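What follows is a single structure, written as structure tokens, with notes after it.
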Amino acid sequence: MIRMILALALCLAAPALARPAMWVVRDADTDITIYGTIHAMPAGAKWLSKGAAARLDRADTLVLEAIVPEDPRVIAPMMQARGLLATPRPLKDRVPAALHAKLDAAVAKSGMPPALLERMKSWLVAITLTQQVVLDAGLDPKSGVEWQLRERAAKKGTKLGELEGVAAQFALFDGLSTADQDALLAEAVSDAGAMQAQIDGIWKAWSAGNVDRIAAEFSDADASPAMKKALLTDRNAHWAAWVQARLAKPGRVMVAVGAGHLGGPDSLIAMLRARGLKVRRVE
């Protein structure tokens, strides 16, 4: 489930002919592009196709899952409001004893004081430890697709919008049960050694536009139904409703969301088609 939640990006330079997946939904006076992203990449990776660049340049608005503030100090209060415990809770009480050695290694590698991590809810500990794996792989969120789309849009004067927002995304994690949050932490610790191979597989699938492979990478049979509903299915349904409602207003929009949301039977694309909308893949 860590793969699905964090939508991690990959390790090597992009293939020269990378063709990430892209769809179009339109009516008489509205054109909406749906573009699958990954949220972190190596600095200097080349991936933006001519077709995607042209659609972004023609758009009136670029819509992301969340407009992440450039200054982390803006995010800190939101994270503290949702991610801290009233009373510290030992980390080893949150994961099976068989994972204690891996937990110790992950904490040591993060450089975070254990006392500080024990004040965090388990979902925030999981994200904190996994972010370190991403950084160790040479990935930079500010080199990710969303940041580069934002920079290009800003140069064109394109408006920026969001489907959820950072505070709402923190609320999604905070709304998980304690058991599900502990399961996230256990998987983050357990998967840390295999994360590089997972990242590599997702990168290759994204570059080839293979969203079904990405959806399979992000799926997890051990995740509870409540977790999948909160973090994937309900969000896709909300976004599908947003896209359908947006068709009532004229204009050109590019919607950029994690590619893991675009493949499989519960994907955003499947939900749009279930609403009777014609969704055409263009890349």
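Yes/no per residue for (1) in a helix (DSSP H, G or I); (2) at pLDDT below 85; (3) more than 30 Å from residue 229 (Cα to Cα); (4) in contact with a Gly (Cβ under 7 Å, 6 or more places away or on another chain):
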position	(1), (2), (3), (4)
8	no, yes, no, no
31	no, no, no, no
39	no, yes, no, yes
106	yes, no, no, no
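Restricting to region 258-280, count the residues that are among the basic types (Lys, Arg) and either buried (at least 22 other Cβ atoms within 10 Å of the Cβ) or under 15 Å from residue 206 (Cβ atoms) (or both).
0
Does region 129-138 include one or more residues that are outside any helix (DSSP H, G or I), modelled with pLDDT of 85 or more and crowded, with 18+ Cβ neighbours inside 10 Å? Walk me through how you get there before you give the answer.
Just the residues of region 129-138 that are outside any helix (DSSP H, G or I), to begin with: 137-138.
Those left that are additionally modelled with pLDDT of 85 or more: none.
The answer is no; no qualifying residue exists.
Output the residues belonging to region 157-185 that are farther than 24 Å from residue 77 by Cα and at pLDDT below 95.
Our first condition is that a residue be farther than 24 Å from residue 77 by Cα; within region 157-185, this holds for 157-159, 179, 183.
183 - this is the single residue of region 157-185 that is farther than 24 Å from residue 77 by Cα and at pLDDT below 95.
If you check residue 76 against the conditions, is it closer than 16 Å to residue 187 by Cα and outside any loop (DSSP other than H, G, I, E, B)?
So residue 76 does not fit the description; no.
Please count how many residues of region 142-176 are part of a helix (DSSP H, G or I), over 13 Å from residue 64 (Cβ atoms), in contact with a helix residue (DSSP H, G or I) (Cβ under 8 Å, 6 or more places away or on another chain) and of a type outside the set (Lys, Arg).
6
What residue, among those in region 92-104 that are touching a residue at least 40 places away in the same chain (Cβ under 8 Å) and part of a helix (DSSP H, G or I), is surrounded by the most Cβ atoms within 10 Å (Cβ to Cβ)?
Only one residue fits best here, namely 103.
When you go through (1) farther than 25 Å from residue 56 by Cα; (2) without any contact (Cβ under 8 Å) to a residue 12 or more places away in the chain one by one for residue 167, which number turns out not to apply?
Looking at each condition in turn, residue 167 falls short on (2).
Being surrounded by fewer than 21 Cβ atoms within 10 Å (Cβ to Cβ) and more than 30 Å from residue 90 (Cα to Cα) is the requirement here; does residue 164 meet it?
yes
Which of the residues that make up region 43-68 are assigned to a loop (DSSP other than H, G, I, E, B), surrounded by fewer than 18 Cβ atoms within 10 Å (Cβ to Cβ) and touching a Gly at 6+ places or on another chain (Cβ under 9 Å)?
Matches in region 43-68: 43, 60, 66, 67.
Can we say residue 43 is among the aliphatic types (A, V, I, L, M), modelled with pLDDT of 95 or more and over 17 Å from residue 259 (Cα atoms)?
No.
What's the number of the only condition in (1) within 25 Å of residue 223 (Cα to Cα); (2) modelled with pLDDT of 95 or more; (3) buried (at least 20 other Cβ atoms within 10 Å of the Cβ); (4) not aromatic (Phe, Trp, Tyr) that residue 119 fails to meet?
Answer for residue 119: the failing condition is (3).
Given (1) surrounded by 14 or more Cβ atoms within 10 Å (Cβ to Cβ); (2) touching a residue at least 60 places away in the same chain (Cβ under 8 Å); (3) touching a Lys or Arg at 6+ places or on another chain (Cβ under 8 Å); (4) within 27 Å of residue 46 (Cα to Cα), identify the lone condition not met by residue 181.
That leaves (4) as the condition not met.
The values are calculated or read from the model by the stated rules, or taken from the named source; none is laboratory data. Predicted model only: the values in this text are computed from it and were never measured. So basically every Cβ, Gly included, is an ideal-geometry build from the backbone, and we count neighbours across all protein chains shown.
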